[in-house]
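The structure under discussion appears below in the form of structure tokens.
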Amino acid sequence: MKIFKILSVCGSGTVTSSMVAQKLKDTMETRGIKVSVDTAKPTEALSLANSGKYDLIVHTSPLPKGDYGIPTISSASCLTGIGEDDFFEKVESELKRKM
């Protein structure tokens, strides 16, 4: 089974992105999708995306303008709980397109 690589981005690259990362791992596992999630700051996101290691970026902070070459999805709903199901649906849909 493929393990998808996701980059979780927040302002500091630690606290919020780690919380989102754990929610992603747990939720995608219940949906039968294996993910590995790394965390980063917005200033690191573009170079990490261009490394070719990642399938998707989720972010609670705005990303700097640039061509990321992979889908980016706001994960702010993981902070509020409002729209969280829609967020996970979007993530699942993007990952299934890469299967």
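The values are calculated or read from the model by the stated rules, or taken from the named source; none is laboratory data. What you are looking at is a predicted structure, and each value in this text was computed from that prediction instead of being measured. Glycine gets a Cβ as well: all are built from the backbone with ideal geometry, and neighbour counts include every protein chain shown.
Any residue at all in segment 51-61 that's closer than 14 Å to T14 by Cα and among the acidic types (D, E)? Show your work before the answer.
Narrowing segment 51-61 to residues closer than 14 Å to T14 by Cα: 58-61.
Okay, now just the ones that are also among the acidic types (D, E), so none.
No: zero hits.
Give K25, K34, K90, K41 a once-over and let me know the one that is at pLDDT 95 or above, under 10 Å from I6 (Cβ atoms) and surrounded by 12 or more Cβ atoms within 10 Å (Cβ to Cβ). Lay out the reasoning, then the answer.
On the way: K34 fails: under 10 Å from I6 (Cβ atoms); K90 fails: under 10 Å from I6 (Cβ atoms); K41 fails: under 10 Å from I6 (Cβ atoms).
Going through K25, K34, K90, K41 in turn, the sole match is K25.
Across segment 70-95, the number of residues qualifying as free of Cβ contacts under 8 Å to residues at least 40 places away in the same chain and either part of a strand (DSSP E or B) or farther than 15 Å from M19 by Cβ (or both) comes to 13.
When residues in segment 24-43 are screened for being part of a helix (DSSP H, G or I) and within 16 Å of C10 (Cα to Cα), 3 of them pass. From the list L95, L46, L7, the lone residue that is touching a helix residue (DSSP H, G or I) at 6+ places or on another chain (Cβ under 7 Å), modelled with pLDDT of 95 or more and among the aliphatic types (A, V, I, L, M) is L7. Filtering segment 44-69 to residues that are within 17 Å of M19 (Cβ to Cβ) and outside any strand (DSSP E or B) leaves T60, S61.
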